[in-house]
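Here's the structure, in structure tokens; my notes come after.
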Amino acid sequence: MELIKQKIGRIREHLNQVEALREKCEQRFVADPVYRGAMLHYLYLLTDSCITLAEMVIKKQRLRLPQSYHESFDILGENGVLERGFAYDFAHIAGLRNFLAHDYEKIEAVIICRQVLAKTDDVRSYLEQVERALNLK
């Protein structure tokens with residue numbers, strides 16, 4: 001259980017880094033390649049860590065093994081770790097992770113700065129639901 005707590009802590013660190021970069025995101029994303037790289041790096045770490053946490057919880061709870069990153073969240077929803085509707089929606093983070101990993105040259109400032117950053121509260125909700133389900137709070 002200690003590793004799960006550590007992973008949750010790391011996700012919160014990544015989330016704080018992303019939120020610290022939020023100010024004037026669209027302008028900075030276009031104009032500053034170092035800023036853009038930092039934002040994309042922390043978003044990748046955030047999304048990848050959320051997936052890893054899901055896999056850790058599945059293993060700890062001895063749930064069926066997922067066939068994809070996306071399915072990891074569905075399994076958590078099916079087993080009451082996450083609210084079902086939330087799990088279905090949050091599973092899209094797996095697609096974002098893959099996009100960040102493979103299509104980073106196609107990323108537009110508007111998508112990152114408006115759509116993706118608008119979802120940071122979903123990461124907080126994810127962590128709270130996992131902590132509640134595993135009695136970590």
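The values are calculated or read from the model by the stated rules, or taken from the named source; none is laboratory data. None of the values given here were measured: they were computed from a predicted structure. Quick reminder, even Gly has a Cβ in these numbers, built from the backbone with ideal geometry, and neighbours come from all protein chains shown.
For the reader, a short list of remarks on this structure follows.
- When segment 74-86 is filtered for residues that are over 30 Å from residue 23 (Cα atoms) and part of a helix (DSSP H, G or I), the ones remaining, listed by number, are 74, 75, 76, 77, 78, 84, 85.
- Within segment 114-137, residues that are more than 25 Å from residue 36 (Cβ to Cβ) sit with their Cβ atoms under 8 Å from residues that are among the small types (Gly, Ala, Ser) and modelled with pLDDT of 90 or more, at 6+ positions apart or across chains, in these pairs: 133/80.
- Residue match in segment 58-74 (condition: touching a residue at least 40 places away in the same chain (Cβ under 8 Å) and within 19 Å of the chain's Cα centre (by Cα)): no
- Segment 56-73, residues that are part of a helix (DSSP H, G or I) and surrounded by fewer than 16 Cβ atoms within 10 Å (Cβ to Cβ): 59, 60, 61
- When residue 21 is tested against (1) among the aliphatic types (A, V, I, L, M); (2) farther than 21 Å from residue 128 by Cβ; (3) surrounded by 15 or more Cβ atoms within 10 Å (Cβ to Cβ); (4) touching a residue at least 24 places away in the same chain (Cβ under 8 Å), just one condition goes unmet, and that condition is (4).
- Flag for residue 3 being surrounded by 13 or more Cβ atoms within 10 Å (Cβ to Cβ) and either assigned to a helix (DSSP H, G or I) or not polar (S, T, N, Q) (or both): no
- Selected residue (criterion: surrounded by the fewest Cβ atoms within 10 Å (Cβ to Cβ)) from residues of segment 93-113 that are free of Cβ contacts under 8 Å to residues at least 12 places away in the same chain and not aromatic (Phe, Trp, Tyr): 105
- Filtered residue count, segment 77-89, keeping only those that are among the hydrophobic types (A, V, I, L, M, F, W, C) and free of Cβ contacts under 8 Å to residues at least 40 places away in the same chain: 1
- Taken over segment 3-56, the criterion of being among the polar types (S, T, N, Q) and either modelled with pLDDT under 95 or more than 16 Å from the chain's Cα centre (by Cα) (or both) is satisfied by 27 alone.
- Counting only residues that are assigned to a helix (DSSP H, G or I) and either closer than 18 Å to residue 49 by Cα or among the hydroxyl-bearing types (Ser, Thr, Tyr) (or both), segment 87-111 holds 15 of them.
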